[in-house]
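Asks: One structure, pasted below without further comment.
Where a number appears in this text, it was derived from the coordinates with a stated rule and is not lab data. On a predicted model such as this, the values are computed, not experimentally measured, just so you know. Note: ideal-geometry Cβ built from the backbone for every residue, glycine included; neighbour counts use all protein chains shown.
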Amino acid sequence: MITAEQLRKAARGETQSIELICQQLWEPLYGFIYYRVQNREEAEDITQETFVRTLIYCRRHNTQPENITAFMKMVALNIIRDSWRQKQRQGKLIDLEDIKPLETVAADEQKAIAERMQVENALNRLKPEHKAVLDLRIMKGYSVAETAQMLGKSEAAVRVLQYRALQVLAQMLDEND
């Protein structure tokens, strides 16, 4: 337990009192912070900054909080919030080499459109039951049981139909390449 006298001595800069406070409060405070930031280095930095700010506060205001642990947790939360705000303001750094020229983007879009049309053409050439299974399972996201019920087939039959439909579709797409 940290006494008011130990806190006053630490605020005045007495090394022994600072060490005693750190020994008693470092681990629980570090655990509290690490739980929120999930990063060892960041948690260590914030824990250290929390101790510094607490001692500065006690020195400036010539007062000691009644519950030092709760006070330090509030200081830590404020530091964490400030850190998150700063990260949001900084945004994400992008390397100029990663930015594609407009022509490349347009070419990629054209390629995607061509591939989509190729898949649609292959789907239209499938047997109706293969097309129905792929539509329900892949396009609409129904489960095997739901698809089986809608098509009036067993779950095993739906799995086999889906497998065969995907095989035929892959073969059609390979032929087009």
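Asks: Between beta-carbons, use under 13 Å as the cut-off and find the net charge around Leu25, counting Lys and Arg +1, Asp and Glu -1.
Replies: Cβ neighbours under 13 Å give a net charge of -1.
Asks: Let me know the charge dipole size of the chain about its Cα centre in debye, to the nearest 20, where only the beta-carbon of Lys, Arg (+1) and Asp, Glu (-1) is charged.
Replies: In debye, rounded to 20, the chain gives about 740.
Asks: On to the next question. Are there GluC sites (Glu not before Pro) in segment 1-65 that DSSP marks as loop and that have at most 13 other Cβ atoms within 10 Å, and which are they?
Replies: Sites meeting the loop and neighbour criteria: Glu14.
Asks: Report the local net charge at His130: Lys and Arg +1, Asp and Glu -1, summed over other residues whose C-beta lies under 12 Å from its C-beta.
Replies: That sum, taken over residues with Cβ under 12 Å, equals +3.
Asks: Also, quick follow-up: For every other residue with a beta carbon closer than 13 angstrom to the beta carbon of Arg53, add +1 if it is Lys or Arg and -1 if Asp or Glu, then tell me the sum.
Replies: Once all neighbours under 13 Å are counted, the net charge is 0.
Asks: Then there is this: Have a look at Tyr57, Tyr142, Thr3 and report the one farthest towards the positive end of the charge dipole of the chain, computed about the Cα centre with Cβ charges (Lys/Arg +1, Asp/Glu -1).
Replies: Thr3
Asks: For segment 13-72, what is the charge dipole size about the Cα centre, in debye to the nearest 20, if Lys and Arg each add +1 at the Cβ and Asp and Glu each add -1 at the Cβ?
Replies: The dipole magnitude comes to about 220 debye.
Asks: Also: Would you calculate the separation in nanometres between label points at Ser83 and Tyr57, each defined as 7 Å from the Cα along the Cα-to-beta-carbon direction?
Replies: Taking the two extended label points, one gets 1.7 nm.
Asks: Oh, and also: If each residue of separation counts as 0.36 nm, what is the full-extension length gain between Ala107 and Glu155 once their alpha-carbon separation is subtracted?
Replies: Gain on extension, Ala107 to Glu155, equals 13.1 nm.
Asks: Hey, if you put +1 on the Cβ of every Lys and Arg and -1 on every Asp and Glu Cβ in segment 4-90, which of Tyr34, Ile21, Leu77 ends up farthest toward the positive end of that dipole?
Replies: Leu77
Asks: Also, quick follow-up: Enumerate the helices in the chain for which the Kyte-Doolittle hydropathy averages 0.0 or more and the C-alpha atoms extend at least 27 Å along the helix's axis, using complete DSSP H runs.
Replies: 15-37, 155-176
Asks: Could you give the Stokes-Einstein D for segment 1-75 in µm² per second, using the C-alpha Kirkwood radius, 4 °C, 1.567 mPa s?
Replies: The Stokes-Einstein estimate is 105 µm²/s.
Asks: Express the Stokes-Einstein translational diffusion coefficient of the chain in µm² s⁻¹, to the nearest whole number, given a Kirkwood radius over alpha-carbon pairs, 4 °C and a viscosity of 1.567 mPa s.
Replies: 57 µm²/s
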